[in-house]
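As structure tokens, the structure follows; a few thoughts come after it.
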Amino acid sequence: MKKLISASLMLLCLLAISGNSNADIGTRYCIPTTSAQYVPSKGYADIGFDGVSRYVIQYMYWRTSARLSFFKTDPRSTYEPDAIFYNYDGKAYGNAPIGYWYSDLPSPYVDTQFSDGPNEKAVTIGSAAASNINPGRFYITKTRMTSGGGTSSRVKLSSQRGIRDPSSCYTTNCSFGCNQNSNYFTVPFQSGYTAPGARVYWWLDPTTRDERYTGTQ
Amino acid sequence: MKRLFLLSFFYLLFSSTNVYAVEPSAGSTDLVVKQNAAIVQRIKNANKKFAELLAQSPSKNVNTIIHFRNSTTLNQIATKISRYNLGITGFRFSDSQGGSGGYTLKQNETVAQAIKQFKLDRALFMKRDYNLTKKILSNLSKTRSAEDPQISVALSNRLSNIQQMQVQFKTRGLQIVGVELKGTVSANDQFRKENNFVNVVEIQSTSGTPQPSIPLLNQ
């Protein structure tokens, strides 16, 4: 009898912790999707120093409506094109957004690094209303940033989808990554992209067979 | 006792519901309605939270974003705020092409220095945007994938938009739609009550909150 009570209590505790289908309390359920339903068809990044400070500029382009279909199905959807600097050696090129920032993505915001670890420094302007992103248009994000500990470092670019829950809430507490297929590295660290420098990427975009891009440097 | 535990176990197992179910697919009109409703709700939530804090802790120091009903200029808003016991930590602006952004003051940067750099940066980054877009466009023709009319049109449109933004900036300057402040709740309230261009005062969380600007009332 005692064993039965103990086992039941343990099971009840496990159920309370795991709750519903969201095993990770930092994520929320989003409808399953493929990367082709939210990752941009093409993108460009330009990272450097302009005499005032270091900066990050990114362009992104979705070729068709189908490439935006996840965002269109959920009005709470968010999108974050991250530029992440390698800091495992303490020598990241970029550190954190500061000063001037701008984007023509819908409802842009400067993403916080509050819950990020020290080894990867993400400098990101996100969109809180990704359902308003339209195909056939080049969007931009740009921000100045404080310098990291190095004069050059590896960079990775990623596309992250998420949702606001509840939809009227725009604070950090209400912004969640999706519990599956939430993040794709369009340019991983292993690609060799280093800052300062420019980069083009294309993702499942058959129209682009090759392209070189050096920014204005 | 055994029956009670078993009943509890099965109740918990089958009663949990997924409260985060995604809404069914919506048409574009439904999306607009839902987004407008979300903004209205956001304003209501912000007003409620501010009113509660004002009632409970008027002397508490907070970080806020003040969203405006109409745009104004940097100098005008800086002059107005200087009359209150409030510190400016950032500005928010929007442009005619649907873009928006801001300026976050650096440590030890004065408001005058920030205003000067903000204006310089707006011009600098528009110029950089133009040059980069032009470079991408000319680069396209040099690659094997050469003709990509969709991209060419999108890039040409971008160049045209940038030029319009540059003209707008030259004639109207930066259109400020909000300001980020630090100060007591009561000081924020005083500012709100005495300036009818204030739409809503939104409290920022201490961890730093990614909050986009609330659209102007005339948009």
**Asked** So which residues in region B:171-203 are under 25 Å from A:Phe138 (Cα atoms) and either modelled with pLDDT of 95 or more or hydrophobic (A, V, I, L, M, F, W, C) (or both)?
**Response** B:Leu174, B:Ile176, B:Val177
**Complete:** When region A:70-104 is checked residue by residue, the ones that are within 19 Å of A:Met145 (Cα to Cα) and within 12 Å of chain B (Cβ to nearest Cβ) are A:Glu80, A:Ala96, A:Pro97, A:Ile98, A:Gly99, A:Tyr100, A:Trp101, A:Tyr102, A:Ser103, A:Asp104
**Among (1) touching a strand residue (DSSP E or B) at 6+ places or on another chain (Cβ under 9 Å); (2) on the phi < 0 side of the Ramachandran plot - the single one A:Gly99 does not satisfy** = (2)
**Request:** Go through the residues of region A:130-147 one by one and say whether even a single one is facing chain B (nearest Cβ under 7 Å) and either open to solvent by 10 Å² or more (accessible area, probe 1.4 Å) or out of contact with any strand residue (DSSP E or B) (no Cβ under 8 Å at 6 or more places or on another chain) (or both).
**Result:** yes
**Lone unmet requirement of (1) over 25 Å from B:Thr171 (Cα atoms); (2) of a type outside the set (Ser, Thr, Tyr); (3) within 21 Å of the chain's Cα centre (by Cα) for B:Asn108** = (3)
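Residue by residue, here is whether (1) at pLDDT below 95; (2) open to solvent by 10 Å² or more (accessible area, probe 1.4 Å) holds:
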position: B:Lys127; (1), (2): no, yes
position: B:Leu137; (1), (2): yes, yes
position: B:Leu140; (1), (2): yes, no
position: B:Arg144; (1), (2): yes, yes
position: B:Asp148; (1), (2): yes, no
position: B:Ser156; (1), (2): yes, yes
position: B:Ser160; (1), (2): no, yes
**Asked** Name the pairs: first residue in region B:79-93 and farther than 23 Å from B:Arg122 by Cα, second residue open to solvent by less than 20 Å² (accessible area, probe 1.4 Å), Cβ to Cβ under 6 Å, at least 6 apart or on different chains?
**Response** B:Tyr84/B:Ala187; B:Tyr84/B:Phe191; B:Asn85/B:Gly183; B:Asn85/B:Ala187; B:Leu86/B:Leu181; B:Leu86/B:Gly183; B:Leu86/B:Ala187
**Request:** Give the residue that is farthest from the other protein chains (Cβ to nearest Cβ), with candidates limited to residues of region B:98-111 that are open to solvent by 20 Å² or more (accessible area, probe 1.4 Å) and either free of Cβ contacts under 8 Å to residues at least 24 places away in the same chain or over 16 Å from B:Val179 (Cβ atoms) (or both).
**Result:** B:Thr110
**Message:** Could you tell me how many of the residues in region B:112-157 are within 22 Å of the chain's Cα centre (by Cα) and more than 30 Å from B:Lys80 (Cα to Cα)?
**Reply:** 1
**Message:** Conditions first: (1) touching a strand residue (DSSP E or B) at 6+ places or on another chain (Cβ under 7 Å); (2) over 25 Å from A:Lys91 (Cα atoms); (3) surrounded by fewer than 21 Cβ atoms within 10 Å (Cβ to Cβ). A:Gln180 passes all but one, so which condition is the exception?
**Reply:** (1)
**Request:** For region A:192-216, name all the residues that are at the interface with another protein chain (Cβ under 10 Å from one of its Cβ atoms), in contact (Cβ under 8 Å) with a residue 24 or more places away in the chain and not β-branched (Val, Ile, Thr).
**Result:** A:Ala198, A:Trp202, A:Asp205, A:Tyr213, A:Gly215
**Selected residue (criterion: nearest to B:Leu174 (Cα to Cα)) from residues of region B:70-97 that are within 14 Å of chain A (Cβ to nearest Cβ) and hydroxyl-bearing (Ser, Thr, Tyr)** = B:Ser94
**Message:** With the requirement that a residue be closer than 15 Å to A:Ala96 by Cα and touching a residue at least 60 places away in the same chain (Cβ under 8 Å), what does region A:126-142 give you?
**Reply:** A:Thr141, A:Lys142
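Identify all residues within region B:61-94 that are of a type in the set (Lys, Arg) and exposed (fewer than 13 other Cβ atoms within 10 Å of the Cβ); write none if there are none. Before the answer, list the steps.
Taking region B:61-94 as the starting set, the residues that turn out to be of a type in the set (Lys, Arg) are B:69, B:80, B:83, B:92.
Selection gives B:Arg83 alone.
The values are calculated or read from the model by the stated rules, or taken from the named source; none is laboratory data. Predicted model only: the values in this text are computed from it and were never measured. Glycine gets a Cβ as well: all are built from the backbone with ideal geometry, and neighbour counts include every protein chain shown. Protein only, heavy atoms only, side chains kept; ligands, DNA and RNA dropped before computing areas. Shrake-Rupley method; radii C 1.70, N 1.55, O 1.52, S 1.80 Å.
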